[in-house]
1. Which residues, taken from the range A:156-171, are away from chain B (no Cβ under 14 Å), without any contact (Cβ under 8 Å) to a residue 40 or more places away in the chain and touching a strand residue (DSSP E or B) at 6+ places or on another chain (Cβ under 8 Å)?
2. Please verify whether B:ASP182 is among the acidic types (Asp, Glu) and away from every other protein chain (no Cβ under 14 Å), treating the condition exactly as stated.
3. All but one of (1) touching a helix residue (DSSP H, G or I) at 6+ places or on another chain (Cβ under 8 Å); (2) among the β-branched types (Val, Ile, Thr); (3) exposed (fewer than 14 other Cβ atoms within 10 Å of the Cβ) hold for A:VAL98, so report the exception by its number.
4. Quick test of your reading of the structure: A:GLN114 fulfils all but one of (1) surrounded by fewer than 19 Cβ atoms within 10 Å (Cβ to Cβ); (2) more than 12 Å from chain B (Cβ to nearest Cβ); (3) more than 18 Å from A:PHE177 (Cα to Cα). Name the failing condition by number.
5. If you go through the range A:131-145 one residue at a time, how many are hydroxyl-bearing (Ser, Thr, Tyr) and over 18 Å from A:MET47 (Cα atoms)?
6. Specify the residue that is modelled with the highest pLDDT; the eligible residues are those in the range A:197-218 that are within 12 Å of chain B (Cβ to nearest Cβ) and under 24 Å from the mean Cα position of the chain (by Cα).
7. How many of the residues in the range B:147-174 are assigned to a loop (DSSP other than H, G, I, E, B), at negative phi and open to solvent by 40 Å² or more (accessible area, probe 1.4 Å)?
8. Within 14 Å of chain A (Cβ to nearest Cβ), open to solvent by less than 30 Å² (accessible area, probe 1.4 Å) and under 17 Å from A:LYS218 (Cα atoms) - does that describe any residue in the range B:137-145?
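The values are calculated or read from the model by the stated rules, or taken from the named source; none is laboratory data. What you see is a predicted model, and the numbers here were worked out from it, not measured in a lab. For neighbour counting, all protein chains shown are included, and Cβ atoms are generated from backbone atoms with ideal geometry for every residue, glycine included. Areas reflect the complete protein model, heavy atoms only, side chains present, ligands, DNA and RNA absent. Shrake-Rupley method; radii C 1.70, N 1.55, O 1.52, S 1.80 Å.
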There are 2 protein chains.
Amino acid sequence: MKNLVCIIPVSSFESSKTRLSPFLSEDERTSLLKVMLSDIVDVVRDMVVDIILVSRDDNVYDYALELGVSFVKENDHEANKLNNALLDAIGSVKDNYVDHDILIIPSDIPLIKQEHIASVKQFESDLIISPSKGGGTNLLCFNSDYDFIPLFGDMSYFRHIEEALTSGMHINLIESFYLSLDINNPEDLGELLLHGVDTKSYDYLASLNIRVTSNHGKERLNVERNVE
Amino acid sequence: MKNLVCIIPVSSFESSKTRLSPFLSEDERTSLLKVMLSDIVDVVRDMVVDIILVSRDDNVYDYALELGVSFVKENDHEANKLNNALLDAIGSVKDNYVDHDILIIPSDIPLIKQEHIASVKQFESDLIISPSKGGGTNLLCFNSDYDFIPLFGDMSYFRHIEEALTSGMHINLIESFYLSLDINNPEDLGELLLHGVDTKSYDYLASLNIRVTSNHGKERLNVERNVE
């Protein structure tokens, strides 16, 4: 059974999730980001040894304190910020823990369940990975003894698998509908409203009168906000 | 361990999948529908007692013969055609098999794996269900002793669960990224190109020079067809 240290990268609370701007103001997008993080921490907290938020944003540090989780301030990276921030956090884990597995998940997958983490802990493989919509990676786990380099960004799911195969790592895949749903565009809000009724994120969206119905056009869901 | 009879409804080979018309001609959409069906039959065939295509289209009968699977011709239904066609097929199963479980899957989920069917067979619950993108149902399984009424259409996932709860059925959920991906719009073709390299459907799309790259706009994937 793996001992997990969970790393969640958070770029910045401001100017995030701009693809949701037709529905949500900047303040509301920050609030959604916070409530999604809170949902994720609620799910993961009892299953892991530590949760580390890594960010360059001091507001994220304040929120880590509020949630009662750890924080690593990322260094000033000129390029490839997300992956370099993750390397900062991985370095911190290697300094502080021996023979632990590193679990990296994004901050925008509020439908994650304890069953997913339980599966991660039971697999004995060197790398565990979950696909997101659009070729990305929404869960990545590897032993801190490996010098595994995170390659988040375009088509990262396939790049991570290629890296693991090149390194001779044994891979397990968790292919999950709930894990695949990161929240980036209005249709994603619709899926969250459909499948996330037990989350705080759902409560927040519902409080903003955001509603979802079926659509038979190019998209599957109509997501609308009723301003009253 | 359940004995499964698999029912796959196929509305008609013509005039189908119109949301793919920017990329595919009508003939190509028919070919894609056929090759997806062939992929699904390849996966399911050895795991079930029988596969039944149900349709009003005689071309689907011809294709069932070609695939070596069974066919039920649906009656002339004035409304609610899909669910009534399924009831026709369910009636046929009840006439021909005793104590079997009925597995209903759509014709457009070429990423289905044998692991999914193995999970269905192992669960001892009365209803097994998988969500699709957009609130739909992409897998439904129940014992033929139940008078379970299929309710495919808008938000069918939640309507099926409600029906099962009302009937006192015990429910198991298979929440799968691969099962959630039915192929309706161009972005779905992109996911199929990313995750379906071992399918005939992939080979067909690749033969048409349909390619996928990352996108950072409202959609996650750019799907383009290069006419040479």
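1. Selection gives A:ALA164, A:LEU165.
2. Considered against the rule, which asks whether it is among the acidic types (Asp, Glu) and away from every other protein chain (no Cβ under 14 Å), B:ASP182 comes out as no.
3. The one condition A:VAL98 does not meet is (1).
4. Failing condition for A:GLN114: (3).
5. Qualifying residue count, the range A:131-145: 2.
6. The extreme case among them is A:VAL197.
7. Number satisfying all stated conditions: 6.
8. No, there is no match, as no residue in the range B:137-145 is within 14 Å of chain A (Cβ to nearest Cβ), open to solvent by less than 30 Å² (accessible area, probe 1.4 Å) and under 17 Å from A:LYS218 (Cα atoms).
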